[in-house]
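Chemist: One structure is given below, represented as structure tokens, and several questions about it will come after.
The values are calculated or read from the model by the stated rules, or taken from the named source; none is laboratory data. The structure presented is a predicted model; accordingly, all values stated were derived computationally and were not measured. Glycine also receives a Cβ, built like all others from the backbone with ideal geometry; neighbour counts cover every protein chain displayed. All accessible areas refer to the heavy atoms of the entire protein, side chains included, with ligands and DNA or RNA removed. Shrake-Rupley method; radii C 1.70, N 1.55, O 1.52, S 1.80 Å.
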Amino acid sequence: MNQDKIDIFDKMLAGGVIDNDDPKMKKVWAQISRTIKLLPALNSSIDINQIRGRLSEITKSTIDASSIIFIPFYTNFGQHTKIGRKVFINHDCSFLDMGGITIEDNVQIGPKVSLITENHPLDPTKRKNLDLKSILIKNNAWLGAGVTILPGVTVGENAVVAAGSVVTKDVAANTLVAGVPARFIKNIGENIGENS
């Protein structure tokens with residue numbers, strides 16, 4: 001398919017480098033402007049239902065009534081975030097979702113977590129270009145307070161990322177990782193007790 005005919009949003013979700021001078025970036029900047037205008041209303045919401053409704057408007061997809069998001073919540077783009085059922089997102093999280101963020105069901109996200117799908121080339125002559133890679137947080141994963149997930153990472157089912165970790169590579173299912181950068185600590189069972 002001719003690259004010129006691919007919608008810029010589809011190109012973003014496919015991942016890779018997008019030239020800052022691409023004429024289709026006007027559409028991206030229009031979406032960013034829309035999100036910036038909607039964020040103050042989201043972050044002045046007075047109850048959980050209002051938060052869900054306003055975040056649904058930003059993401060252009062319905063947030064299930066079983067999911068709870070606390071404010072403040074920040075995003076630069078919004079419409080490339082998909083949130084599953086029975087998800088909990090604590091205060092002061094930041095989702096840079098141009099490359100796509102998918103949060104499956106039953107995920108717990110602690111306060112001050114950053115999910116970042118956007119990077120830039122190291123070459124100084126190309127540094128204003130976007131290098132996008134999606135993030136996937138699988139069913140029943142738990143991201144502790146202050147975790148940062150970098151572009152292209154998948155956090156596996158039932159995995160736990162300890163508070164303050166910076167995750168630069170995929171996290172296997174049923175494991176605990178911690179540190180900067182995050183490293184494997186141990187395997188955890190599906191029915192493990194909290195003190196095991």
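Chemist: With the full set of protein chains in place, find how many percent of the accessible area of region 1-139 is carbon and sulfur; take the probe as 1.4 Å.
Modeler: 55
Chemist: Then there is this: Obtain the nm distance between the two label points defined at residue 46 and residue 74 by a simple spin-label model: each point lies 7 Å from its Cα along the Cα-to-C-beta direction.
Modeler: Simple spin-label model gives 2.7 nm for this pair.
Chemist: Using label points projected 7 Å from each Cα along Cα→Cβ, tell me how many nm separate residue 20 and residue 172, to one decimal.
Modeler: Modelled inter-label distance: 4.0 nm.
Chemist: Compute the Cα gyration tensor for region 1-155, then decide on rounded, prolate or oblate, letting a ≥ b ≥ c be the square roots of its eigenvalues: rounded whenever a/c is under 1.5, prolate when a/b is larger than b/c in the other cases, and oblate in all that remain.
Modeler: prolate
Chemist: Also: In Å², and per residue, what accessible area does the chain have when probed at 1.4 Å with the other protein chains present?
Modeler: Value returned for the chain: 52 Å² of accessible area per residue.
Chemist: Checking the table 60/128; 82/138; 60/169; 133/186 against a 18 Å threshold on Cα-Cα, which pairs fail?
Modeler: From 60/128; 82/138; 60/169; 133/186, over 18 Å: 60/128; 60/169; 133/186.
Chemist: Based on the Kirkwood radius over alpha-carbon pairs, what value in µm²/s does the Stokes-Einstein equation return for the translational diffusion coefficient of region 1-82 at 4 °C and 1.567 mPa s?
Modeler: 92
Chemist: Using only Cα atoms and rounding to the nearest 10 degrees, what angle (0 to 90) does helix 48-59 make with the longest principal axis of the chain?
Modeler: That works out to roughly 40 degrees.
Chemist: If R0 is 25 Å, what FRET efficiency do you get for residue 36 and residue 8 from their C-beta distance, rounded to 0.05?
Modeler: With a Förster radius of 25 Å, E is 0.85.
Chemist: May I ask you to list the trypsin sites (Lys or Arg not before Pro) in region 109-182 that are in a DSSP loop and have at most 13 other Cβ atoms within 10 Å of their Cβ?
Modeler: Qualifying residues, ordered by number: 126, 127, 128, 169.
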